[in-house]
Each structure stands twice: as structure tokens, then as C-alpha cells.
1. Among 235, 122, rank each residue by its count of other Cβ atoms within 10 Å, from fewest to most, as a rough exposure measure.
2. To the nearest µm²/s, what D does Stokes-Einstein give for the stretch 74-360 at 4 °C and 1.567 mPa s, using the Kirkwood radius over alpha carbon pairs as Rh?
3. Rounding to the nearest 10 and keeping the result within 0 to 90°, find how far the Cα-based axis of helix 121-137 lies from the longest principal axis of the chain.
4. Given 0.36 nm per residue, what is the gain on full extension from residue 286 to residue 342 after removing their alpha carbon distance, in nm?
5. How long is the stretch 102-219 along each principal axis, judged by its Cα atoms, biggest number first, in Å?
6. Against the longest alpha carbon principal axis of the chain, how many degrees, from 0 to 90 and to the nearest 10, is the axis of helix 108-117 turned?
7. With r defined as the distance between the Cβ atoms of residue 164 and residue 134 and R0 fixed at 25 Å, what FRET efficiency is calculated, to the nearest 0.05?
8. Can you tell me, using C-alpha contacts under 8 Å and at least 6 residues apart, the relative contact order of the stretch 207-333 as a whole percent?
Amino acid sequence: MNVLFKNIKELIQVRETPVTFLAGKEMRSLPTIKNAFLLVKDGLIADYGLMKNCPDIEIKTIDATGKMILPSWCDSHTHLVYAGNREGEFVDRIRGNSYQEIANKGGGILNSAKKLQETSEEDLYNQSKARLEEIIQLGTGAVEIKSGYGLTKDAELKMLRVIKKLKERYPIQIKATFLGAHAIPLAYKDNKNGYLQMLIADILPTIKREGLADFIDIFCETGYFSANDTQQILEAGKKYGLIGKIHVNQFTAIGGIQVGVKNDVLSVDHLEEMRTEDIETLKKTQTMPVALPSCSYFLSIPYTPARKMIDAGLPLALATDYNPGSTPSGNMNFVVATACIKMKMTPEEAINAATINGAYAMSLERKVGSITRGKLANLILTKEINSYHFIPYSFGNPCIEKVFLKGTEIK
Ligand code: NIG
Ligand code: FE
């Protein structure tokens, strides 16, 4: 698609020289061009600059007077392929049961797994595509989606095939993650190692053969999988060409970050419970810490200590964690606002975390996450606003007028 945006009040996140990710103080700056044009050719960002240098060409034109353009959100952590919902557990929590108590009684991940095992691939696809379409309208232009609600060979592969179909049929960038080690299914209740061996020996070869995943993940948490289990899964993933990304330090810190860094994982996600040594371990590595503030909000658990981490020089990405149990919301606008309101990130830091750093956490930093020549024209056109500070300020009310994927407006 070819299109020329004119009179853009402010073009946000303009990176002339490509960056991989931003850390510490670098996250404070968000380069912009006021009164700008943006030229899209063949779905890619071809050129941009001051209006006075706008090319005079015959091409479809969109007048953006009073409005801003920023790169689409990059949501590097979701579980948006799932069956049914868990609103019953939500009400149980309001009545005083904890998330862990509900999980221990067979609710939680096992509840979603039961529903998913009983759902056909077609039905699962239809339920999931509705959520994908919803997040596209909310400004997301690249998303990672995990398996992990199957917990049997058939059901895990069903999830991954649904993700593959979404990838083939939608213009949004999608990366797939194998999260078989999300919980221990009842059939392996007293045989966790047997379950891990099944994932490794039985499922991984098929994933490789059918090209069903880019990444491998594990829930490293007390009562789920240990640091040793994490080591095993990451090693097995490597043999099959899958890069690691781990769920870690959500409720307890059990050494998963250290194992992750040792194995060069791409990201460590959740991080609600961070010890000083965990922050130290992450320094000077290529591993992206990822915070999921909507999960903290929904479960009333601590927020990831973003201030402490960024002030220590670390990078940080923001993602939704869209899933039926801990975060039934895929709204990156809310994530960015909550990061500012509850985690004291500045709007500049939050926007960097939700664009270029999120792109890095999906190995997509060369394709999306900034206004850079040659990148995909995945864009958000805002409503008329005075400054980009209004984006997190107007929490709960997205400032989005239109969204574009590869330069095409998605309605
Ligand atoms: O990232 N923490 C582990 N897994 C998911 C939620 C699991 C669920 O409750 O369904 C998460 O929060
Ligand atoms: Fe998650």
C-alpha cells in the first residue's frame, strides 16, 4: 500500500539510525518531528521529515492535521489463543479466595486446559481471531502468542496450529511460543519429570518439523517448575532452534533469572518479585526484562519495580499477558497508562518500552517498533491531542483514530 500522511502534528519514535533496544537513561528520550510528513511505499516506511520537505507526488493522501502518528504497539507476551473464559474464578477471588488457592483446587491453568482440550481447532481459531482483531483495533501491530493451555500433545499442537493459521491470515506480525511447561497436568500429577520428557521427546520434534514455534517458554515458579526444570527445557529448546523466554519471579524468586541469563534467553517476563541479585544478574546482558502491569492490576499483586530496574541501567519492555486467568485484557494503551500511573515510568519510557523494546523481545526490532526507513508501516494515527503525554494520561480511553498495518487502514 502507498500513502502519504501530511501535516502530522508530531511524528513519534523517529529513529534515524536503527536501535536494537534502549536501556536505563536512554529510555528517557523519545525523538519526534513536529509538523511532519510520512511516506509509505509498498507497505514500508519510505520517507519522513518536516512538512516543508514533503514530496509533491500523486498518491493517496491522508491529512493528519492536529493528530500524531506513532509506531504500533509491540506486545511481546500474550496467551490470546484460549478456549472459554474464567469469570467464575474472578468472582471467587473477589469473595476472598486467592489465585493460588483456586489453582490448587484444579482451577487456573488446568481449568483452561480442560476447556481447550474439549474445543475443536476451528472453534478455538474463531474464539482467538476475535481477540486478535480486537487488539489490532487497539493499536497492536506485532504480537507474540503462547501455547500452554493444551498440556497434552494433541492440544498443545492444536494451539500452535491455530497460531500458525492466524499468522497466515492476518497482516499483523505474529511470533509463536511453545509453553508446554505451563503447569503439570493431572495425568502427570506425581511425575513432573515424565511430563517434561514428554514435552521434549514427543512434542518438540513435531514442532520443529512443522515449523510451529519461534520461542520456548516455561513457568518457573514455586509449585510449577523449578530452576532445574527451566535449565532442561531451555537446553532442549536450543537443540530444536527455539530461543528461550521465561515466566519468572511472578510470586517467588527461585533462581530462574540466573538460569535464563546463563542460557541467553531473549526475555524474562513478569518480575513482580525482584531481589537485588536478580537486578544485578540482568545487567550488561542481551536479555530483555518484560513487565506485565495489567496482570498486577487484575490480580492485585506487586508491580514490577520498573523505577529501580531502569535506574539501575536495565532496559524494560511492557506487554499485556492477555490470558483468561491473570489478565483478560489485551489493551496496550492501558498497559502504557498503568506503567506511568503505578510504576512511575515517564510517558517517554513507557512508549519506548511498548514499541522498540517490545519489538526486541520478539526478535522483530529490525521490522517494527520505530519510525525508521525500511520498517513496516504499522502505525497508530491518534485523535486530535495536544501532546503525546495525553496517551497515558487518558487511561482507559484509547486516543486512537485509525490503525494501519503495512500502510493499509484496518477497519
Ligand atoms: O502469565 N503465570 C503464568 N501464566 C499466565 C496465567 C495463567 C492463568 O492463570 O491462566 C500468566 O499470568
Ligand atoms: Fe504469561
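Readers should treat all values here as calculations from the given coordinates under stated rules, not as data from a laboratory. Everything numeric here is computed off the predicted structure, so don't read it as measured data. Glycine also receives a Cβ, built like all others from the backbone with ideal geometry; neighbour counts cover every protein chain displayed.
1. Ranking 235, 122 by Cβ neighbours within 10 Å, fewest first, gives 122, 235.
2. The Stokes-Einstein estimate is 69 µm²/s.
3. Helix 121-137 and the main axis of the chain meet at about 40 degrees.
4. 17.5 nm is the gain from fully extending residue 286 to residue 342.
5. Sorted largest first, the three principal extents are 44, 34, 24 Å.
6. That works out to roughly 90 degrees.
7. 0.80
8. 18 percent.
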